[in-house]
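Below: the structure, in structure tokens.
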Amino acid sequence: MSVEVQTGARLHFGLLDVAAPFGGCGVIIDGPPTCVRVRSATTFQCDERHRDRTIGIVDRWQQMTGQTTRPSVTIEVVSAAPPHNGLGSGTQLSLAISLALLKQTSAEPPTRECVLRLANRGRRSAVGSHGFFEPGFIVEGLNRGQAVARERTGNQQLNPIDRRIPVPESWRAGIVLMDDASPIETISGDEEQQQFDALQPASDEERARLVDILTGELIPSIEQSDFDSFADAVTRYNRSSGELFASVQGGPYNGEATTRLIERLIASGFRGVGQSSWGPGVFTWFETEKAATLAAQDWEKRFPGTKLLVQRPLRHTERR
């Protein structure tokens, strides 16, 4: 018996604040895909490339189930999105491993709460965690007062989804990855926490400006399939959110190479351009698959040292 779980990747358009409860928005796309397979075995085995992550999940599984030994399964990571590129790969992989493990070892369908607890993700952004179960354009943490109240009462659950909107089927997301990103442009783990600790919370005015773009422009443009308005709004929202991180990343984008790439894309006429999370992954949006295909044809000549991945927005999932 075996179980296979596949998921996509997450583009994060930016946080509303750099302090709890953070809040923000992003979209789930169909790749680069993450696929995890768990099958019965005589002893526990796992993929050595992701051993630390997997063992952490299995240890929590033992605590949850009261088992004194590891499960007799093989956990294989068939594919995974490239790490440390702002694509939410760690969250999607942890959730996929957790769901597959619970499906393989439990007689009952696993609840969302159990999967989230096992994965232990979503500390700052809940977009990827919610999007794993309900893909689309995800908005979370809009109501700062409610989220702060939850923290004060010791309720550390994820920010709830404020809005989930299917992205128009014809739109395409372009992910631009640099062949050689410098270490300063790849941030995760303890270094990421240190960066957040060094930041000042957003002022009321800064947060209000981001909320205005999000609720007054981004959300309506997606609901109305208005690509031009969406592309303009996501670029401005992403840059404004990035300004909250300027003191640690040197500007609205993380590092000189990412900044130059974004500026070149915008100057070349690309739309809906920004940095996903800490980067160095950059996104750009296309209104149609034809437009994305045309852009990809001579991409490496126009932007040497980078590659373009064209992905579809995920709108539905059978995962519950």
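The values are calculated or read from the model by the stated rules, or taken from the named source; none is laboratory data. Keep in mind it's a predicted model, so treat the numbers as computed, not measured. FYI the Cβ positions are ideal-geometry reconstructions off the backbone, even for glycines, and counts take in every protein chain you see.
Some notes on this structure:
- For GLU151, the conditions (1) surrounded by 15 or more Cβ atoms within 10 Å (Cβ to Cβ); (2) at pLDDT below 95; (3) acidic (Asp, Glu) are fulfilled apart from (1).
- Residue identified as under 19 Å from LEU309 (Cα atoms), in contact with a strand residue (DSSP E or B) (Cβ under 8 Å, 6 or more places away or on another chain) and surrounded by fewer than 20 Cβ atoms within 10 Å (Cβ to Cβ) among PRO83, PRO32: PRO32
- Among the candidates GLU76, GLU108, GLU113, residue that is closer than 27 Å to GLN311 by Cα, acidic (Asp, Glu) and out of contact with any Leu (no Cβ under 7 Å at 6 or more places or on another chain): GLU76
- Restricting region 1-14 to residues that are buried (at least 22 other Cβ atoms within 10 Å of the Cβ) and out of contact with any Cys (no Cβ under 9 Å at 6 or more places or on another chain), the residue that is nearest to GLY174 (Cα to Cα) is LEU11.
- Between ILE75, ILE97, ILE55, the distinction of being more than 30 Å from PHE230 (Cβ to Cβ), aliphatic (A, V, I, L, M), free of Cβ contacts under 8 Å to residues at least 40 places away in the same chain and surrounded by 24 or more Cβ atoms within 10 Å (Cβ to Cβ) belongs to ILE75 only.
- Residue match in region 245-256 (condition: surrounded by fewer than 23 Cβ atoms within 10 Å (Cβ to Cβ), of a type in the set (Asp, Glu), farther than 19 Å from GLU169 by Cα and free of Cβ contacts under 8 Å to residues at least 24 places away in the same chain): yes
- Checking each residue in region 222-234 for being of a type outside the set (Asp, Glu), farther than 20 Å from GLN275 by Cβ and out of contact with any Pro (no Cβ under 8 Å at 6 or more places or on another chain) picks out only GLN224.
- Check on THR258, out of contact with any helix residue (DSSP H, G or I) (no Cβ under 8 Å at 6 or more places or on another chain), of a type in the set (S, T, N, Q) and at pLDDT 95 or above: no
- Annotation: ARG39 fulfils all but one of (1) within 24 Å of the chain's Cα centre (by Cα); (2) modelled with pLDDT of 95 or more; (3) surrounded by 15 or more Cβ atoms within 10 Å (Cβ to Cβ); (4) farther than 30 Å from LEU214 by Cβ; the unmet one is (1).
- Residue match in region 164-187 (condition: at pLDDT below 95, surrounded by 15 or more Cβ atoms within 10 Å (Cβ to Cβ) and hydroxyl-bearing (Ser, Thr, Tyr)): yes
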